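This report concerns only the one structure given below.
The values are calculated or read from the model by the stated rules, or taken from the named source; none is laboratory data. Quantities reported herein were computed from a predicted structural model and do not represent experimental measurements. Virtual Cβ from ideal backbone geometry, glycine too; neighbours counted across all protein chains shown. Side chains included, ligands, DNA and RNA excluded: accessible areas come from the protein's heavy atoms. Shrake-Rupley method; radii C 1.70, N 1.55, O 1.52, S 1.80 Å.
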Amino acid sequence: MENGTEPCGEERPPEVQETTVTEGAAKIVFPSANEVFYNPVQEFNRDLTCAVITEFARIQLGAKGIQIKVPGEKDLQKVIVDLSEQEEDKAEVKEGANLAPGDQPRTAAVRDICEEGLRVLEGLAASGLRSIRFALEVPGLRSVVANDASARAVDLMHRNVQLNDVAHLVQPSQADARMLMYQHQKASERFDVIDLDPYGSPAPFLDAAVQAVSEGGLLCVTCTDMAVLAGNSGETCYSKYGAMALKSRACHEMALRIVLHSLDLHANCYQRFVVPLLSISADFYVRIFVRVFTGQAKVKASARVKFSAACGPPVAPECEHCGQRHQLGGPMWAEPLHDLDFVGRVLEAVSANPGRFHTAERIRGVLSVVAEELLDVPLYYTLDQLSSAIHCSTPRLLQLRSALLHAGFRVSLSHACKNAVKTDAPSSALWDIMRCWEKECPVKRERLSETSPAFRILSVEPRLQANFTIRDDANPSSRQRGLKRFQANPEANWGPRPRARPRGKAAGEAVEERRKLLQNKRKEPDEDLAQRAAHLKTFPCKRFKEGTCQRGEQCCYSHSPLTPKATAEATPTDCPEAPDQNPLGPGAAAGPGED
């Protein structure tokens, strides 16, 4: 399923209320209480996928002499023949004359079956929304297989296919996605496009996917297990993707490179390799678009180019700048994340037809930043990361970019992080620039520990004298045009939907039950709080005795005269603060007789 999987053979509950949703050109129905069938936050993902597959179809069918007709684009121009002046009189043709059948360009439109078109598989289709959108919005398709392991999901797909009148193109299928792809390993039965959007990690499906996609075919993969890919569980990441993720500010680009490495590693087992077209980190997931080819020489080159055998440690045990120990992560993809020619084609098509997608503005912004990224520079720095390391104020983005450009280095932004800087400058030059910035905004050195990274970095005089004068080329075009490059939170509690429940149990109800079960589990019960408050009232308030307590009746301690019993009692625990009171200074949480 798109955001989850369910076991086969569920019974459909009677009288289930349904919701109708319109997205793009498609209209689907799904159970109102089961949010797993539709996640509106993923509309950007689906819009971008339709745009990418459209341009892929334009390339693939263009090689066969077939032109595609995209809704909203200008009509195809007539065939123009360039004639010399001597030949013009002989080749004069009346306007509107019919061309010979052989001269008519072959076209492919949406909703129509193209016999030489693309065969598409959506391995985990849920309600079938994505497959139906392919049929209604992407021209040049031969067939679309919408597969899911859930009988209830397949039943819903049949209804939605009939509702959108695309039964001639979309074929619902109930099967395990892995087994279905393994059954299409034969070259003549492979799919031209495979789309995988599972709940969590796609790792179980990658081995089958790289075998079932055709030569030069398109493989689209979504990963929503960002906690694993971002370094929260390095062992889990290694078990799923064959690489160790590190916690760092560049974790989102690292996640892209880890997934690409895993895809290439699976493909290499079958003498195949991947070529990235577009790699996006957005919202709570990463989205990868790669083409898969076969070639033994290229597979062997993968080991040499990406992961060459080292003769010894590439770095010392400790960082030469801050003195901290190095961390070892990876292996990961070290080549470019995108094909800029392909990205330019998608960007041009979306810009020329902005009404085609609801998220066209965001697609334009993200792809514009992607087109400006340095392809040969892996990972990035962030402004707050550099500043916090030496405890100084943060420079403006344009100031840091200008300083790098003045020093003769290349620099770009990253679509994966708003305040990121990608540069080919060595770390020594970057820290020299930050040392120069610290001289303009000095740090109180007496507050720094001699063993701290900040002290060690600032104790070295910069060899490079940074120039922070703003340069015109420091401000990238996407930023100057004010494009929507980074998405704000689209809705409250946004993110991946809960995993599907057996017997069609509403995901919203299940989450609500769990919230009620776990609510206040770390807080004391009401009766315990009441007993504790009564117990604290037996102790005198030291501030009242000194005449400084301003809480009055709201004070958790007693304002009565001191009693022998109270003095004999043990010191109480911290006084609970009232939610509408400002926190007091040191000693407010201490018991009587303590500051």
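Details
- Val213 satisfies every condition listed in (1) in contact (Cβ under 8 Å) with a residue 40 or more places away in the chain; (2) open to solvent by 30 Å² or more (accessible area, probe 1.4 Å) except (2).
- Pairs where the first residue, in region 234-251, is on the phi > 0 side of the Ramachandran plot and the second is surrounded by fewer than 19 Cβ atoms within 10 Å (Cβ to Cβ) and part of a loop (DSSP other than H, G, I, E, B), C-beta under 9 Å, 6+ apart: Gly242/Pro331
- Some residue of region 232-242 being in contact with a Pro (Cβ under 7 Å, 6 or more places away or on another chain) and over 17 Å from Asn268 (Cβ atoms): no
- Within region 327-360, being exposed (fewer than 12 other Cβ atoms within 10 Å of the Cβ) and more than 30 Å from Phe56 (Cβ to Cβ) holds for Gln327, Leu328.
- When Ala282 is tested against the conditions (1) closer than 15 Å to Ala230 by Cβ; (2) buried (at least 24 other Cβ atoms within 10 Å of the Cβ); (3) of a type in the set (Gly, Ala, Ser), the lone failure is (2).
- Of the strands (runs of 3 or more DSSP E) entirely within region 133-208, those holding at least 3 residues that are at negative phi and open to solvent by less than 10 Å² (accessible area, probe 1.4 Å) occupy 141-148, 191-196.
- Applying the condition of being touching a strand residue (DSSP E or B) at 6+ places or on another chain (Cβ under 7 Å) and over 14 Å from Gly330 (Cα atoms) to region 220-262 and asking which residue is most open to solvent (accessible area, probe 1.4 Å) yields Arg249.
- For Tyr182, the stated conditions hold: it is at pLDDT 95 or above and among the hydroxyl-bearing types (Ser, Thr, Tyr).
- Of all residues in region 104-123, those being open to solvent by less than 10 Å² (accessible area, probe 1.4 Å) and in contact with an Asp or Glu (Cβ under 6 Å, 6 or more places away or on another chain) number 2.
- Close contacts from region 367-393, counting a first residue that is on the phi < 0 side of the Ramachandran plot and assigned to a loop (DSSP other than H, G, I, E, B) and a second that is modelled with pLDDT under 90 and surrounded by fewer than 18 Cβ atoms within 10 Å (Cβ to Cβ), with Cβ to Cβ under 7 Å and a gap of 6+ residues or different chains, come to Pro378/Ala334; Cys392/Cys441; Cys392/Val443; Ser393/Cys441.
- Beta carbons closer than 8 Å, at least 6 apart along the sequence or on distinct chains, pair a first residue in region 37-51 that is under 18 Å from Leu121 (Cβ atoms) and open to solvent by less than 10 Å² (accessible area, probe 1.4 Å) with a second that is among the aliphatic types (A, V, I, L, M) and in a helix (DSSP H, G or I) for Arg46/Leu129.
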